[in-house]
Amino acid sequence: MACRLLYFYNETEVSIHGDDYELQSTVFTWQISVNSSTHLWNAFNLLGWTWRQQAAVVNKPVDRDAWITHPTIVNAFYYPSMNSITIPAGILQSPFYEKGRLAAMNYGGIGMVIGHEITHGFDNSGRLYDARGNLVNWWTPKTAETFKEKAQCFVDQYSGYEVPELSGMEERFVNGTLTLGENIADNGGVEEALLAFFNYIDRNGAEPSLPGLDFLTSEQLFFVTFAYNWCGHSTKEYLQNQILYDPHSPANFRVRGSLSNSAAFAKAFGCRADQPMVRGNDSCILWGPDESGGSVPSSMRLGYYFVSLWLLLRLGQWNFP
Ligand SMILES: [Zn+2]
């Protein structure tokens, strides 16, 4: 328990006095009782401590260096009010990242996650905040209108997904409106990471194949790793709760939704136009190469290339294989 508390807040210190813990942060000290026989009160006490932490910084200058989560968390975050992304140390491990393995896997893993978080800055919520995290409109009316049209494509696509485990139930379809921001981030993230991977290949040359999976090309391995990130198993109750309240689509639709929109995926696996994972002309594209030849506002292209460049530079700094 103490280990978890240690990372409860950036720079939080914990002293142990018998069954009680004292949490001391940069903001204030608060005696908290945590012990093995009062689980519910432990939860209340920790929640209270968290809320007091947040309330204590109201009307204070923004601390742009504050961590918004613990380093042990296996997750990643975009924070619109800061226009920042946070990649905790906890996610820098398999299946997302592993030093020394093929770059195709790291770009399909943590590369996609980083692209996902950056793209949140350009989703239906993130786009409303400017570079400093202020709620300011910085888009032209034409760009905003085009964005809404293209975003509606994702709403319609994902709303059509029926969760097989919930077959026959009243609530069984993904809510394309609730999950819009995450779906935009998923679709943009995987395309941006792929472009960054291609740039890596241009600079470093082609990669060897993966022993045991040497029938896969590098591009195929990239997409397989992306899909592998979302492997999992959920109860029916979890899925019910997820489609009603969670802004993330169920894991299999995060894969099917993104990759069926991707011309690069169809090309990598040689899919025919009539196959289920190819949406072809119905593909939804917001932040990615405009395969259809249609017009994409220049500000959107700029955002896309900026994200790709950023990914490339960051992955290079982290000394990926
Ligand atoms: Zn997200």
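Scanning for something among the β-branched types (Val, Ile, Thr), within 30 Å of LEU195 (Cα to Cα) and part of a helix (DSSP H, G or I), does segment 47-66 turn up at least one residue?
No: segment 47-66 contains no residue that is among the β-branched types (Val, Ile, Thr), within 30 Å of LEU195 (Cα to Cα) and part of a helix (DSSP H, G or I).
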- Task: Determine whether segment 142-154 contains at least one residue that is within 16 Å of the ligand (Cβ to nearest atom), part of a helix (DSSP H, G or I) and closer than 22 Å to PHE77 by Cβ.
- Result: yes
- Task: Hey, can you tell me all the residues within segment 97-115 that are in a loop (DSSP other than H, G, I, E, B) and either touching a Lys or Arg at 6+ places or on another chain (Cβ under 6 Å) or farther than 18 Å from SER218 by Cβ (or both)?
- Result: LYS99
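Name the residues in segment 168-192 that are more than 14 Å from the ligand (Cβ to nearest atom) and either in a helix (DSSP H, G or I) or in contact (Cβ under 8 Å) with a residue 12 or more places away in the chain (or both), would you? Walk me through it before giving the result.
As a first pass, look at segment 168-192 and keep what is more than 14 Å from the ligand (Cβ to nearest atom): 168-177, 191.
Passing the criteria: MET169, GLU171, ARG172, PHE173, VAL174, ASN175, GLY176, THR177, GLU191.
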- Task: For segment 229-265, enumerate the residues that are more than 16 Å from the ligand (Cβ to nearest atom) and crowded, with 16+ Cβ neighbours inside 10 Å.
- Result: LEU239, GLN240, ILE243, ASN252, ARG256, LEU259, SER260, ASN261, SER262, ALA263, ALA264, PHE265
- Task: Search segment 118-133 for residues that are acidic (Asp, Glu) and pair each with any residue that is in a loop (DSSP other than H, G, I, E, B) when their beta-carbon atoms are under 8 Å apart and the residues are at least 6 apart or on different chains.
- Result: ASP130/ASN83; ASP130/VAL136; ASP130/TRP138
- Somewhere in segment 14-23, is a residue modelled with pLDDT of 85 or more, away from the ligand (no atom under 16 Å from the Cβ) and surrounded by 13 or more Cβ atoms within 10 Å (Cβ to Cβ)? no
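Got a sec? Which of ILE110, ILE87, ILE73 is of a type in the set (Val, Ile, Thr) and closer than 22 Å to PHE253 by Cα? Break it down stepwise before answering.
Numbers: ILE87 fails: closer than 22 Å to PHE253 by Cα; ILE73 fails: closer than 22 Å to PHE253 by Cα.
Only one candidate qualifies: ILE110.
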- Message: Going residue by residue through segment 75-96, is there one that turns out to be within 15 Å of the ligand (Cβ to nearest atom) and touching a His at 6+ places or on another chain (Cβ under 7 Å)?
- Response: yes
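The values are calculated or read from the model by the stated rules, or taken from the named source; none is laboratory data. All figures in this text were calculated on a predicted structure; none of them were measured in a lab. Note that each Cβ is placed from the backbone with ideal geometry, even for glycine, and that neighbours are counted across all protein chains shown.
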